[in-house]
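Some notes on the structure that comes next.
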Amino acid sequence: MEKELRLMKGNEAIAEAAIRAGADGYFGYPITPQSEILEYLMEANPQTTTGMVVLQAESEVAAINMVYGGAACGKKVMTSSSSPGISLKQEGITYIAGAELPCLIVNVVRGGPGLGTIQPAQSDYFQATKGGGHGDYHLLVLAPSSVQEMADFVELGFDLAFKYRNPVMILSDGAIGQMMEKVWLKPQKKRSEEILPWATTGKPASRPRNIITSLDLDPERQEKFNFKLIAKYREMEENEVRFEEFMTDDAEYIFVAYGTSARLCQKALQLARAEGIKAGLLRPITLFPYPKKRLNELADRVKGMLAVEMSAGQMVEDVMLSVNGKTRVSHYGRMGGMIPTPDEVLENMKSFIKG
Amino acid sequence: MAEITFNDIIKPENLTYKKSKLMTDNVMHYCPGCGHGTAHQVLAEVLEEENLQERTVGITPVGCSVLMYNYIDVDFQEAAHGRAPALATAVKRLMPDKFVFTYQGDGDLAAIGTAETIHTCNRGENILILFINNGIYGMTGGQMAPTTLEGMKSSTSPYGRDISMMGSPIKMADIVAMLPGTCYVTRQSVNTAGGVRKLKKAIKKAVQYQNEKRGTCFIEVVSNCPSGWKMTPVESNKWMEENMFLFYPLGDIKVPAEK
């Protein structure tokens, strides 16, 4: 398959990009609003073309543990789900992080808590960026704000997962998963045939047996391992922070928003500028590692930052930690599947400016 | 008659069984008299005799055999509690030429991992599930398992398992035998030399069926837990024969047609 321009849903773009990125396996379970990923892959039937395995598991729990098994073989494997399903996957995710395995997890977020709604939300930010399961660990979290980025972040996510031997999450939402946009798809990559030295692929005479585990009953060794993980996360903070800025050069007030909210803030920003308000926007693309340094720099010269999220206020805590009291920070959010309008966002910026 | 000493007995010509080359020198953490060590040895013998080391991936459970990867010299993945069959599913699908097995206890396979066990067998994944059933949670200190017999005491059924409150012990081998995806289901034991030989034969068959891609092989090993049952090894084997074997009778439950 060559490079190609298509009109697709965000979910479909993820599925198609996974095939083209040379993924070895996808293990999923249906849940709205992301079932198109599994459906698309089943219809595309890549087992017969690239050899990619696609399997509908009996539960989200089984699906993430299939990902664990596949990742432990050094294979490029992924799963996807939406909020309640991602909660079920947390057990597997912490094992994968603890066993230092690469994999890609897609969360097309819907409103919660509990069964919540099937409409878009950004209320899984804490779960995605602070660990999610038990134990000290982080995922590397990518936040797409377009269908194009849904596609692009699949390959980027796999690359980062293997670079750090760490699970990577694409934190999307029901709006980006369901909306259609044009998307450039990359040409088909061949699946890798490389046998990774740490992978469980059968023990040849040339190496000791490989053991993939997250267990160490010796607390001193376990603590050493915890320090090793911390060092890895610091390295990510050093090398992998990604963000985008709009009109921040002369901005007095800054919107901080990711994903769907960032799209809304782009429009709100135009409206604000038309009214003579010197607004800007910082869109974090990686939510872990978070663009702390850049926000801290901007805090030296702006009058305030307004975090806009479809949640009760989760990412705003990272904005506050980043600026460490240097500037005013506030939050505006809608919840339960409600999406704010650009006008609404602008009005909130205006009242924030008034103080 | 002269007294027979240890050294008189331990001579190469007297040794019927020897340690498999695939068993490591690590000191086992299993309690004296426990069946796990014997089951490990039998499995290692088959892997060695069938030249499977280079293409074997084993999945260990959570429970007493969580550290099995320390004892057998093949590649291992350590699963979360009950999830071993899900890992094995992916390993086999992604690398169909490997020999893939899970090794699971009764809590792991028949309680927390019931869904994974049933659905892996129902899909007919070409793997071997080795199920050690000793009717108790050994690792956590002797709690009631789904396979604990009626009236049997444990730390969470201190007055004996009352089936009106706690349900009946579950016969997993019989359940998975009903699923079209399983090709070979058998119940064995390792308490006698004869039992050890039969288990070895069963594992060899499972290797053959996996090579022939015939579906899931499920081998239950009814075993003992001297520590959990609070018995000596000898007493525990006697109790197992008199009680466990009545409820979990040994023998083949499902055998595929010969090709």
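Between the listed residues B:Val222, B:Pro96, B:Gly82, the Cα displaced farthest toward the positive end of the dipole of chain B, a dipole computed from Cβ unit charges relative to the Cα centre, is found at B:Pro96. To make sure I understand the rule: partners must be aspartates and glutamates, Cα under 14 Å from the Cα of B:Lys153, and not fewer than 8 residues away in the same chain. Which ones qualify? Filter leaves B:Asp162.
Cut-off is 10 Å between beta-carbons; in what order do B:Met240, A:Met338 appear when sorted fewest neighbours first?
A:Met338, B:Met240
Here A:Ile93, A:Ile37, A:Ile14 are placed in order of increasing Cβ neighbour count within 10 Å, fewest first, which gives A:Ile93, A:Ile37, A:Ile14.
For chain B, the relative contact order is 18 percent, taking Cα pairs closer than 8 Å that sit 6 or more residues apart in sequence and dividing their mean separation by the residue count.
Of the residues A:Val67, A:Val329, the one with the fewest other Cβ atoms within 10 Å heads the list, and the complete ranking is A:Val329, A:Val67.
Could you size up the charge dipole of the protein assembly as shown around its Cα centre, putting +1 on the beta carbon of Lys and Arg and -1 on that of Asp and Glu, and report it in debye to the nearest 20?
The dipole of the protein assembly as shown has a size of about 420 debye.
Our summary gives chain A a relative contact order of 18 percent, counting only alpha carbon pairs under 8 angstrom and 6 or more residues apart. The charge dipole of segment B:28-254, taken about its Cα centre with unit charges on the Cβ atoms of Lys, Arg (+1), Asp and Glu (-1) only, comes to about 380 debye. Say the cut-off is 32 Å between C-alpha atoms; which of A:Lys228/B:Lys21; A:Lys203/B:Lys198; A:Lys182/A:Lys326 go over it? In this structure, A:Lys228/B:Lys21; A:Lys182/A:Lys326 exceed 32 Å between Cα atoms. Computed from phi, the 3J(HN,Hα) profile of segment A:94-103 under the Karplus parametrisation 6.51, -1.76, 1.60 (θ = phi - 60°) reads 5, 5, 5, 5, x, 8, 6, 10, x, 6 Hz, with x in place of Gly and Pro.
Summarising the amide proton neighbourhood of A:Val106: residues at separation of 5 or more, or on other chains, whose placed amide H is nearer than 5 Å comprise A:Thr79, A:Ser80, A:Ser81, A:Ile170. Applying the Karplus relation 6.51 cos²θ - 1.76 cosθ + 1.60 with θ = phi - 60° to segment A:275-286 yields 3J(HN,Hα) values of 8, x, 7, 7, 9, x, 9, 10, 10, x, 9, 9 Hz, where x marks Gly and Pro. Got a sec? Charge dipole of the protein assembly as shown, +1 on Cβ for Lys and Arg, -1 for Asp and Glu; which of A:Phe126, B:Cys31, A:Gly259 is way out at the positive end? In the protein assembly as shown, that residue is A:Gly259. For chain B, what does the helix formula give at 222 nm: sum of -39500 (n - 2.57) over DSSP H segments with n ≥ 4, over the residue count, nearest 500 deg cm²/dmol? Theoretical 222 nm ellipticity from helices: -8500 deg cm²/dmol. Between A:Ala205 and A:Ala231, residue separation times 0.36 nm minus the direct Cα-Cα distance comes to 6.1 nm.
Candidates B:Tyr71, B:Leu199, B:Trp239 compared by Cα position along the dipole of chain B: farthest toward the positive end lies B:Leu199, with charges placed on Cβ. For segment B:183-259, the relative contact order comes to 46 percent (Cα pairs under 8 Å, sequence separation of at least 6). Dipole magnitude of chain A about its Cα centre, charges +1 at Lys/Arg Cβ and -1 at Asp/Glu Cβ only, in debye to the nearest 20? About 460 debye.
Per-residue shielding of A:54-66, expressed as the average number of other chain Cβ atoms within 10 Å of the residue Cβ, stands at 6.
Readers should treat all values here as calculations from the given coordinates under stated rules, not as data from a laboratory. Computed from a prediction, not measured in an experiment: that's the story for all the values here. Note that each Cβ is placed from the backbone with ideal geometry, even for glycine, and that neighbours are counted across all protein chains shown.
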